[in-house]
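One structure is given here, and the rest of the page talks about it.
The values are calculated or read from the model by the stated rules, or taken from the named source; none is laboratory data. Here the structure is a predicted model, which means the values were calculated and not measured. All Cβ positions, glycine included, derive from the backbone under ideal geometry; neighbour counts span all protein chains shown.
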């Protein structure tokens, strides 16, 4: 990075902050300098990857004789020394990026904000992300972050790194990872970024995770307490009290491995690492969300998990006659079937595609207008969530799903490349393994509207 240009940029930022009248000129000069200064990050990242590859190869090689062993040891020392220098330069780049980011935020304060969709604001310094590439904004915090994740996936696909493994939110050492055992350093940043992005997207997309009681666990089995009835009575002074022993029970949640596969073009891996990161995070989270919602609502025979609808008693199922649609009376019946002391602000509607429009019509739905936000539809005070996993004849479920369902999830993520599965199509399949389980232990807090035949 050119020190003179950087110095000019920093001086301009200081002058712009001190002198109100000079603020516009200082901001303009700072912006120009930011655009003019070339970033060394790409060069440093590429050099670090090359050093990493060379060191791995040298350490794995067997020298033919003593002279070659000496030469190899000398080369290893040289590469190790340069690796430390590159790490220092990358840290310096990070500090300068932080300074420039604060400068850009200050410059942007006097400008009209871009009309960007919800959820695409950068977390760095409160700055609104400016588009630097074609297409919609991505959900990573920056292009650099997305690119580092994409390049990491490319390294995994090409065998430079054997496997990505996050266990209980911590990175496990694998062949090809530097800083083994410390879980720190620049090599680990893309792993953490990808893990967090997939989990965050999954939380946003899965209705089961949004509405159920979720327990983060490190074990393979947990017991979820189910409190029984609690009795109250007045206390009489100087009168012996009768001991109370509230009845309690528990539901066991077993955690299982869940598998998904994402096919990625090898050409895309080489040409556009940012798009690779977006594609993988989107597809992996979407596939996991669909599966989790399906297990929640329809169950899973192989793991002996009963779907939520299957546990709803006959007295809480209300039938819409064949050829008819949901009426206000059906909504009234559902609301009346739930314990009246259940917090009303915790109830929700979960509907199929067929029941979505019918429910909104029956509830005289008027869409809220809140700026540029797109809130969930609300019918009779409860939000409406459309899913694709309800049994065929079920139009809607209503209830407090935080009471009905418990989910246990481990903060584990494993990505393994399957290079041969679709090699003829010039693609690499990324095998994604996550761990979770659920139990619908209290379906009495749920009611259903079904379509008659």
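Out of everything in the range 148-207 that is in a helix (DSSP H, G or I) and modelled with pLDDT under 55, what residue ends up being farthest from residue 86 (Cα to Cα)? Working first, answer last.
In the first step, residues of the range 148-207 are kept if they are in a helix (DSSP H, G or I); the result is 148-157, 186-205, 207.
Retained after the next criterion (residues that are modelled with pLDDT under 55): 186-187.
Details: 186: 11, 187: 13 Å.
Per the criteria, the residue is 187.
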For this session: Those residues that are on the phi < 0 side of the Ramachandran plot, over 34 Å from the mean Cα position of the chain (by Cα) and part of a loop (DSSP other than H, G, I, E, B), I need them from the range 315-338; list them, please.
Result: 321, 322, 324, 325, 326, 327
For this session: Would you please list the contacts, defined by Cβ atoms under 6 Å and residues six or more apart or on different chains, that run from a residue in the range 128-156 that is within 25 Å of residue 48 (Cα to Cα) to a residue that is assigned to a loop (DSSP other than H, G, I, E, B) and modelled with pLDDT under 70?
Result: 141/122; 141/123; 143/132; 146/138; 155/161
Seminar exercise, completed: Subset of the range 311-344, residues without any contact (Cβ under 8 Å) to a residue 12 or more places away in the chain and within 21 Å of residue 403 (Cα to Cα), comes to 314, 332, 336, 340, 341
Problem set entry | Filtered residues of the range 384-411 (kept if in a strand (DSSP E or B), under 25 Å from the mean Cα position of the chain (by Cα) and within 25 Å of residue 306 (Cβ to Cβ)) | 384, 385, 386, 405, 406, 407, 408, 409, 410
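Table: residues versus (1) within 26 Å of residue 142 (Cβ to Cβ); (2) out of contact with any helix residue (DSSP H, G or I) (no Cβ under 7 Å at 6 or more places or on another chain); (3) not in a helix (DSSP H, G or I).
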position	(1), (2), (3)
261	no, yes, yes
267	yes, yes, no
280	yes, no, no
302	no, yes, no
Exercise. In this structure, does residue 308 turn out to be modelled with pLDDT of 90 or more, within 22 Å of residue 383 (Cβ to Cβ), surrounded by 16 or more Cβ atoms within 10 Å (Cβ to Cβ) and over 28 Å from the mean Cα position of the chain (by Cα)?
Worked result: no
Exercise. What is the number of the single condition among (1) surrounded by 14 or more Cβ atoms within 10 Å (Cβ to Cβ); (2) at pLDDT 80 or above that residue 221 does not meet?
Worked result: (1)
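Name the single residue, out of those in the range 374-383 being surrounded by 17 or more Cβ atoms within 10 Å (Cβ to Cβ) and over 27 Å from the mean Cα position of the chain (by Cα), that is nearest to residue 451 (Cα to Cα). If you could, list the steps in order and put the result at the bottom.
Going residue by residue through the range 374-383, those that are surrounded by 17 or more Cβ atoms within 10 Å (Cβ to Cβ) are 377-380, 382.
Next cut, over 27 Å from the mean Cα position of the chain (by Cα) only: 379-380.
Working: 379: 19, 380: 21 Å.
The qualifying residue nearest to residue 451 (Cα to Cα) is 379.
With respect to residue 417, determine if the residue is under 13 Å from residue 348 (Cβ atoms), touching a strand residue (DSSP E or B) at 6+ places or on another chain (Cβ under 6 Å) and in a strand (DSSP E or B). Spell out how you get there, then give the answer.
Values: under 13 Å from residue 348 (Cβ atoms): no; touching a strand residue (DSSP E or B) at 6+ places or on another chain (Cβ under 6 Å): yes; in a strand (DSSP E or B): yes.
So residue 417 fails the test.
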For this session: Identify all residues within the range 287-305 that are closer than 22 Å to residue 349 by Cβ and surrounded by fewer than 17 Cβ atoms within 10 Å (Cβ to Cβ); write none if there are none.
Result: 290
For this session: Check whether at least one residue in the range 58-67 is surrounded by fewer than 13 Cβ atoms within 10 Å (Cβ to Cβ) and either modelled with pLDDT under 75 or under 37 Å from the mean Cα position of the chain (by Cα) (or both), and report yes or no.
Result: yes
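One line per residue, one yes/no per condition, for (1) touching a residue at least 12 places away in the same chain (Cβ under 8 Å); (2) under 22 Å from residue 285 (Cβ atoms); (3) in contact with a helix residue (DSSP H, G or I) (Cβ under 9 Å, 6 or more places away or on another chain); (4) surrounded by fewer than 20 Cβ atoms within 10 Å (Cβ to Cβ):
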position	(1), (2), (3), (4)
401	yes, yes, yes, no
406	yes, yes, no, no
418	yes, yes, no, yes
422	yes, yes, no, yes
426	yes, no, yes, yes
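Quick check on the range 428-447: of everything there that is over 13 Å from residue 296 (Cβ atoms) and buried (at least 20 other Cβ atoms within 10 Å of the Cβ), which residue is modelled with the highest pLDDT? Full working, then the answer.
Going through the range 428-447, the residues over 13 Å from residue 296 (Cβ atoms) turn out to be 428-435, 442, 444-445, 447.
With the extra rule that they be buried (at least 20 other Cβ atoms within 10 Å of the Cβ), the set shrinks to 428, 430, 432, 434, 442, 445, 447.
Working: 428: 84, 430: 83, 432: 85, 434: 87, 442: 89, 445: 92, 447: 95.
Looking at residues that are over 13 Å from residue 296 (Cβ atoms) and buried (at least 20 other Cβ atoms within 10 Å of the Cβ), I get 447.
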